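Remarks on the structure that follows.
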Amino acid sequence: MTTTVNLDQIAREVNQRLARPTWRVMVCDGTGCVASGSRLVHRRFLDMTEGLDGLAEVQLAAGDLCRPLVSRTGCHGLCQMGPLVVIPGDGNGREEIFYCRVTADDVPEIIETTFKAGQPVERLLYRDPNTGTAYRSSRVIPFYANQTRLALADCGHTEPENIEEYVARGGYASLRRAVTEMKPEQVCEELTASGLRGRGGAGFPTGRKWLATLRAAGSPKYLVCNGDEGDPGAFMDRSLMEGDPHRVLEGAIIAAYATGAGHGYFYIRTEYPLALTRIRKAIADARRLGILGANLFGSSYAFDCEVVEGAGAFVCGEETALLASIEGERGMPRPKPPFPAECGLFGRPTVVNNVETLATVRWIIEHGAAAFRRYGTPRSPGTKTFALTGKVRNTGLIEVPLGTTLRQIVFEIGGGVPDGRKFKAAQIGGPSGGCLGVEHLDMPLDFETLGQVGAMVGSGGIVILDDSTCIVEVARFFMQFTQHESCGKCVLCREGTRQMLWILQDIVEGKAVSGDLELLEQTARAVKVASLCGLGKSAPNPVLSTLAMFRSEYLAHVERLYCPAGVCAALKSFAIDPDLCKGCTLCIQKCPVGAIQGEKRASHRIDVALCTKCGVCATVCRFKAIAAR
């Protein structure tokens, strides 16, 4: 049995240990930085300081000049600049130092320059891609300074696998308060008052869902955490589970208490090995401290949970398909009603929340519903995490208040579009979302406003497209994904998405005929209306939104057999500018089909009948004389 004294004692002990070292080294251990070599950096720090992993104290080999802690953290967010190393300030005037793209070979210089001389290694500091300004601390880097982090508050600042440090930063105090000072109805009412809406896509009010489960007849009741994040380019839930697993677990236990659930399941796709490892360890460590099990904090409430691995089916992100998968059945959606709150897992009342929703719960209980509503908009309160990817300078994981504009995200946080290109569009909400154009840059991103233009917040993926992107090809890519992931249970989704994909394929291959655009739109609307689950109902969104905003680009493909972006290979025609061609013959040597003719030092020409439009000639031409038209 865990008591209030236990948590307070753990917090005191950890804070005393953290106060001893002169320095602390925090190496990002999120998936992005791990892929860039951060574990080699971490190992080098440990080797050179003769230390142990975790919160162990270590000494420098050169002497007792300082006593750093060498820690691994979760995702910091600025993924493309990894591996990231942060040396926090000491609270006595010494500022944080934020290092980017650190390699193991940089570690000796950091030790000599920073630990011993007290100065930053200038070449490793973050530099603004537009101005070249160097920033020493992450707090002033525009990417971070323009965010509001609630769910991500501790990601990148703590050791995710250390429950004691989580407790020291206030962890499980909200759970203790909920269990010992509030009734389940009061917890549900607090969440209802906060206005928190599900962060997994549909945006259903969390408090209402909890209250419905609490009031539902039948027992036992279950809680399910949906960690089956499957959108291409989305990694918000994965990063939360990797970077702050105890925050997710604490939110899950609070949700279970509020709904009367006695057992829980974390459904996590098997492609997330690091998230699986850390959630499993968080559960084991919480059980060790008595935070899971019987008589939580001296109460009569008991709860425990386990992890179930998903096989990676996108449709299992839909709650009823997910429940079927946990039950050992094929992951296929079920008709609603009845809703899971009434008849869910094993036919019992079940509350299903996604990872980010649960990660936000602790903050609400800790600070109150009114404080949460100070962020966001009246109908869409709070913050939302987004995975910012595509043609933007600063890709990564961000968190902003709902209602933030696309312009703020792309140009203030993302740093704008690189390589001198222009912003063209943003695909928001993944393959279930919609496309936003230049005219939407100043539109607030919230549930209601996005719904009015045929888009959705979705799970939170934002893919930025520049003017070199073919919108039709983007729509075809997302349709190919959703068609492949359709479970096939209902005819409209199974056959409709296939028909839409065939039409889009014909368009990008120059095979479309008159009336195809009308047929594409009609099919999309039919699939949207008549599909059984959210996957089918939202699958046409990328097509319908791009048809509405970029119809002229579709028409160029169909009527003129022309791709304005020059992307669709079947619609390309390469030509050589005789004024730029120097007759070097390099293109002749590289052409795989012998379609280029000409003498040395004389202008060459392309035989369009032989050309396969592979583009090799344009790539190798050093004089930029060959271009697609």
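In table form, for the structure just shown:
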item: Lone unmet requirement of (1) closer than 28 Å to GLY454 by Cβ; (2) part of a loop (DSSP other than H, G, I, E, B); (3) at pLDDT 90 or above for GLU553; result: (2)
item: Exclusive hit being in contact with a strand residue (DSSP E or B) (Cβ under 8 Å, 6 or more places away or on another chain), surrounded by fewer than 16 Cβ atoms within 10 Å (Cβ to Cβ) and not in a loop (DSSP other than H, G, I, E, B), set ALA618, ALA575; result: ALA575
item: Residues within the stretch 319-339 that are in contact (Cβ under 8 Å) with a residue 40 or more places away in the chain and either part of a helix (DSSP H, G or I) or crowded, with 18+ Cβ neighbours inside 10 Å (or both), tallied; result: 11
item: Residue match in the stretch 269-283 (condition: crowded, with 24+ Cβ neighbours inside 10 Å and touching a Cys at 6+ places or on another chain (Cβ under 9 Å)); result: yes
item: Matching residues in the stretch 89-117 - criterion: being closer than 20 Å to ARG44 by Cα, exposed (fewer than 15 other Cβ atoms within 10 Å of the Cβ) and of a type outside the set (Lys, Arg); result: THR103, ASP105, PRO108, GLU109, GLU112, ALA117
item: Residues satisfying the stated conditions in the stretch 218-254, i.e. at pLDDT below 95 and among the aliphatic types (A, V, I, L, M); result: ALA234, MET236
item: Residues being closer than 19 Å to GLY230 by Cβ and without any contact (Cβ under 8 Å) to a residue 12 or more places away in the chain - total across the stretch 262-318; result: 1
item: Qualifying residue in the stretch 97-113 (condition: among the aromatic types (Phe, Trp, Tyr), under 30 Å from the mean Cα position of the chain (by Cα), at pLDDT 90 or above and not in a helix (DSSP H, G or I)); result: yes
item: Qualifying helices (runs of 4 or more DSSP H) (wholly inside the stretch 1-83; at least 3 residues being surrounded by 23 or more Cβ atoms within 10 Å (Cβ to Cβ) and at pLDDT 65 or above); result: 38-48
item: Yes/no for GLY230 being in contact with a His (Cβ under 7 Å, 6 or more places away or on another chain), assigned to a loop (DSSP other than H, G, I, E, B) and either of a type in the set (A, V, I, L, M) or not assigned by TED's automatic domain parsing to the domain that holds ASP446 (or both); result: no
item: Identity of the residue in the stretch 342-363, touching a strand residue (DSSP E or B) at 6+ places or on another chain (Cβ under 9 Å) and among the small types (Gly, Ala, Ser), that ends up nearest to ALA217 (Cα to Cα); result: GLY344
item: Tally of residues being within 20 Å of GLY260 (Cα to Cα) and assigned to a loop (DSSP other than H, G, I, E, B) across the stretch 189-203; result: 2
item: Which listed residue is surrounded by fewer than 17 Cβ atoms within 10 Å (Cβ to Cβ) and either in contact (Cβ under 8 Å) with a residue 60 or more places away in the chain or not in a helix (DSSP H, G or I) (or both), from THR213, THR180; result: THR180
item: Residue within the stretch 227-245 that is of a type in the set (Ser, Thr, Tyr) and over 19 Å from ARG177 (Cβ atoms) present; result: yes
item: Among (1) surrounded by fewer than 20 Cβ atoms within 10 Å (Cβ to Cβ); (2) under 23 Å from PRO418 (Cα atoms); (3) modelled with pLDDT of 95 or more, the one test that LEU124 misses; result: (1)
item: Criterion (farther than 28 Å from PRO88 by Cβ, assigned by TED's automatic domain parsing to the domain that holds VAL361 and in contact with a Phe, Trp or Tyr (Cβ under 8 Å, 6 or more places away or on another chain)) met by exactly one of ALA178, ALA202, ALA193; result: ALA178
item: Test set (1) farther than 25 Å from LYS537 by Cα; (2) modelled with pLDDT of 95 or more - LEU345 fails condition number; result: (1)
item: Filter result for VAL361 (within 20 Å of the chain's Cα centre (by Cα), surrounded by fewer than 24 Cβ atoms within 10 Å (Cβ to Cβ) and closer than 21 Å to GLU242 by Cβ); result: no
item: Matching residues, the stretch 538-575, being among the aromatic types (Phe, Trp, Tyr) and within 22 Å of VAL620 (Cβ to Cβ); result: PHE574
item: Extreme residue, nearest to GLY264 (Cα to Cα), among residues of the stretch 324-364 that are polar (S, T, N, Q) and touching a Phe, Trp or Tyr at 6+ places or on another chain (Cβ under 9 Å); result: THR350
item: Output for the stretch 430-446, where each listed residue is assigned to a helix (DSSP H, G or I) and surrounded by fewer than 19 Cβ atoms within 10 Å (Cβ to Cβ); result: VAL438, GLU439
item: Residue check for CYS316: surrounded by 20 or more Cβ atoms within 10 Å (Cβ to Cβ), closer than 26 Å to SER531 by Cβ and in contact with a strand residue (DSSP E or B) (Cβ under 9 Å, 6 or more places away or on another chain); result: yes
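Yes or no, residue by residue, for (1) among the hydroxyl-bearing types (Ser, Thr, Tyr); (2) touching a helix residue (DSSP H, G or I) at 6+ places or on another chain (Cβ under 9 Å); (3) not assigned by TED's automatic domain parsing to the domain that holds GLY454:
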position	(1), (2), (3)
TYR554	yes, yes, yes
ALA565	no, yes, yes
ASP579	no, no, yes
GLY583	no, no, yes
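The values are calculated or read from the model by the stated rules, or taken from the named source; none is laboratory data. Just so it is clear, the structure is predicted and the values come from calculations on it, not from any experiment. Please note: Cβ atoms are built from the backbone with ideal geometry, for glycine as well, and neighbour counts cover all protein chains shown.
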